Amino acid sequence: MNAPRGTSRWMSKSVVHTLLLIAALYSVLPLIWLFTSATKNVGDFSTTGAFELGDWNLWSNLGDLFAEEDGVFLDWVRNSLLYAGLGAVLGALICAACGYAIAKLDFPGRRALFAVTLAGVLVPTTALALPLYLLASELRIVDTFWAVFIPLLTNPFGVYLARAYAEAAVPDEVLEAARVDGAGELRTFFTIALPMMRPGVVTVLLFQFVGIWNNFFLPLVMLTDPELFPMTLGLFQWSSRVSQFPQYSPLVITGSLLAVVPLVIAFIVLQRQWRSGLATGSVK
Amino acid sequence: MTIVTPDPTGGKTQKDTAPRPRRRSRLAPLVLAAPFALLLLCTVLVPIGYALYLSLFTERLSGLGFDGPHDVFVWLENYADVLGDAAFRESVGNVALYAVIHVPLMLGGALVLALLLDGATVRLRQVWSLAVFLPYAVPGVIAGLIWAYLYSPNIGPLNDVLPWDPLGSNGVLPSIVNMATWQWMGYNMIIFYTALRTVPRDVLEASTVDGAGPIRTALAIKVPMIRPTMFVALVFTVIGSLQLFTEPLVLRSFTTSVTSTWTPSLYVYEAAFISNDYGRAAAASLLLALASALLSALVMRLSARRSR
């Protein structure tokens, strides 16, 4: 009786691992293709196999990338870092403050604010981009840094998560004790509540960083000046020339690799943070 | 929302005799909530209101046209134009077909992978889940470009392997489904897996003791317990499907099979920036927002009924 049972267990174990392996290959192979292709010149690109390495041209591709159009790619890198870095830090702080206020404090309009926030989660960013453009053009701030930066700070889902984190991680007794000690509400938030909410806030920050870094539609409608482009928009613009000018392909591919690598590294390094953050968020 | 500054001298004492330190705490919550409330107002509510206003006007030449164009109030004419436009209806048909394939494929795949990961015998859980999650970190434009190259003849391998042309007029829909599925399956797998970890272990042990196999346990106990999480993922995926934009736009540089109005979002983009018809673009984008709201309300209705 033991033997067949052992065999079927072994069978199911290998089936499970085979399926997981297929899923992992499906997910990772396109990224490996991106890497091998970034090392090829235009000739090798169409003559060598997709996952084969040709001559090692990564460094010369990188040189070409940063030299193209007087080094505009460096501007795009800087812009992406500014939009996403500054936006995520500021955005996460705004979410944390509002989520904490909704969860732990009482103020007029608290319920209404939360209801509108929940509705805001369901308003898709793509449907908002055109109304934002129309408003920005009325205000004559189209094609400026702020026209992209400010709308991307708004993160209703982040507020929803921050509220859940505040409810789970900040006990009322601690806040009561701080009040009895005479600490002001703002000081209590910054010195006591915010540190307690840290894993959750880091999760909001990381996901908002990804959201802004990956955002495309808003910069596409708002910006025409290439010096304000984030990497996604700049690479898209180059890619639209590929069919006429194949020499743009290595630039687009090497640039894409540079746009992907920082996030992949961030997700690998910060694994414990975002995994535990998602866990807290999903319970509520 | 109006911000009322409290009178620090306290003209009238509060009825509920709050403890003394509470007195100055009335302004602080507003200070904490105000930045987000302002953002929500200025970047969500006002733009929607303004688009609603613009959608009721259209630009017309008056008289002989010497005075230049005028904005004319046209009631719901823009909405009627959009709904009557064959290109718009075709774009809705495209995303509907896309959603019918993508939503079950992606969420089903994510659920199966999450259940496999949650199984007792799996080794290297972290490695598998991280690998499948990674495409989420790739910007939509870049994911679109990678796959566009993989589909391209002479460059990518897929054109030779597949029995159909992935960039041909019948091939682009499955190609776009694949791009989006690749991006979102891992993310949803992690969400489902995280929810599965909260299923009480003693319940699972009890079912094993009762003689239920792993597949039965998964279907009869685990899946029903994470149903709320699955419905939330369903709402977000349906909304996301309606907004489909980046992947088809990127493919337009690689194939002529994707028209400039292939999805409703592309239609909005075309109306606003190629035809310069802001009234029609505003109407189309509000119709899109309305459709998302109605669909998510419908899904949540369903979920409330199911969990009863």
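Numbers for the structure displayed
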{"read-out": "Index of the failed condition, A:S46 passing every other in (1) part of a helix (DSSP H, G or I); (2) over 19 Å from the mean Cα position of the chain (by Cα); (3) more than 9 Å from chain B (Cβ to nearest Cβ)", "value": "(3)"}
{"read-out": "Exclusive hit being assigned to a helix (DSSP H, G or I) and modelled with pLDDT under 90, set A:S249, A:S243", "value": "A:S249"}
{"read-out": "Residue match in segment A:186-195 (condition: closer than 30 Å to A:A127 by Cβ and not in a loop (DSSP other than H, G, I, E, B))", "value": "no"}
{"read-out": "Residue within segment B:32-39 that is out of contact with any Leu (no Cβ under 9 Å at 6 or more places or on another chain), at pLDDT 90 or above and on the phi < 0 side of the Ramachandran plot present", "value": "yes"}
{"read-out": "Segment A:88-97 - residue that is within 21 Å of A:M231 (Cβ to Cβ) and surrounded by 24 or more Cβ atoms within 10 Å (Cβ to Cβ) and, of those, farthest from the other protein chains (Cβ to nearest Cβ)", "value": "A:A88"}
{"read-out": "Residue selected from segment B:9-31 under the condition closer than 22 Å to A:V116 by Cα and open to solvent by 20 Å² or more (accessible area, probe 1.4 Å), by the criterion modelled with the lowest pLDDT", "value": "B:R26"}
{"read-out": "Any helices (runs of 4 or more DSSP H) falling wholly within segment B:162-219 and containing at least 3 residues that are touching an Asp or Glu at 6+ places or on another chain (Cβ under 6 Å)", "value": "B:172-197"}
{"read-out": "Hits in segment B:167-205 (condition: among the hydrophobic types (A, V, I, L, M, F, W, C) and open to solvent by 50 Å² or more (accessible area, probe 1.4 Å))", "value": "B:W184, B:V203"}
{"read-out": "Enumeration of residues in segment A:156-184 that are assigned to a loop (DSSP other than H, G, I, E, B) and surrounded by 19 or more Cβ atoms within 10 Å (Cβ to Cβ)", "value": "A:V170"}
{"read-out": "Matching residues in segment A:49-59 - criterion: being in a helix (DSSP H, G or I) and either at pLDDT below 70 or open to solvent by 30 Å² or more (accessible area, probe 1.4 Å) (or both)", "value": "A:W59"}
{"read-out": "All positions within segment A:110-153 that are touching a residue at least 40 places away in the same chain (Cβ under 8 Å), facing another protein chain (nearest Cβ under 8 Å) and either aromatic (F, W, Y) or outside any helix (DSSP H, G or I) (or both)", "value": "A:Y133"}
{"read-out": "Residues of segment B:111-134 satisfying the condition of being at pLDDT below 90 and hydroxyl-bearing (S, T, Y)", "value": "B:T121"}
{"read-out": "Selection count where residues are under 20 Å from B:V177 (Cβ atoms) and either assigned to a loop (DSSP other than H, G, I, E, B) or facing chain A (nearest Cβ under 7 Å) (or both), scope segment B:265-280", "value": "1"}
{"read-out": "Segment A:217-236: number of residues that are open to solvent by 10 Å² or more (accessible area, probe 1.4 Å) and among the aromatic types (F, W, Y)", "value": "2"}
{"read-out": "Members of segment B:241-264 that are open to solvent by 40 Å² or more (accessible area, probe 1.4 Å) and either more than 9 Å from chain A (Cβ to nearest Cβ) or not in a loop (DSSP other than H, G, I, E, B) (or both)", "value": "B:T256, B:T259, B:S260"}
{"read-out": "Residue match in segment A:197-205 (condition: open to solvent by 50 Å² or more (accessible area, probe 1.4 Å), outside any loop (DSSP other than H, G, I, E, B), touching an Asp or Glu at 6+ places or on another chain (Cβ under 8 Å) and in contact (Cβ under 8 Å) with a residue 24 or more places away in the chain)", "value": "no"}
{"read-out": "Answer residue from segment A:237-276, given it is within 21 Å of A:F66 (Cβ to Cβ), in contact with a helix residue (DSSP H, G or I) (Cβ under 8 Å, 6 or more places away or on another chain) and among the aromatic types (F, W, Y) and is most open to solvent (accessible area, probe 1.4 Å) among those", "value": "A:Y248"}
{"read-out": "Residue list for segment B:134-161, restricted to those being assigned to a helix (DSSP H, G or I) and surrounded by fewer than 22 Cβ atoms within 10 Å (Cβ to Cβ)", "value": "B:L134, B:G140, B:L158, B:N159, B:D160, B:V161"}
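The values are calculated or read from the model by the stated rules, or taken from the named source; none is laboratory data. Here the structure is a predicted model, which is why all the values come from computation and not from measurement. Using ideal geometry, Cβ is built from the backbone for each residue, glycine included, and neighbour counts are taken over all protein chains shown. For accessibility, only protein heavy atoms count, side chains too; no ligands or nucleic acids. Shrake-Rupley method; radii C 1.70, N 1.55, O 1.52, S 1.80 Å.
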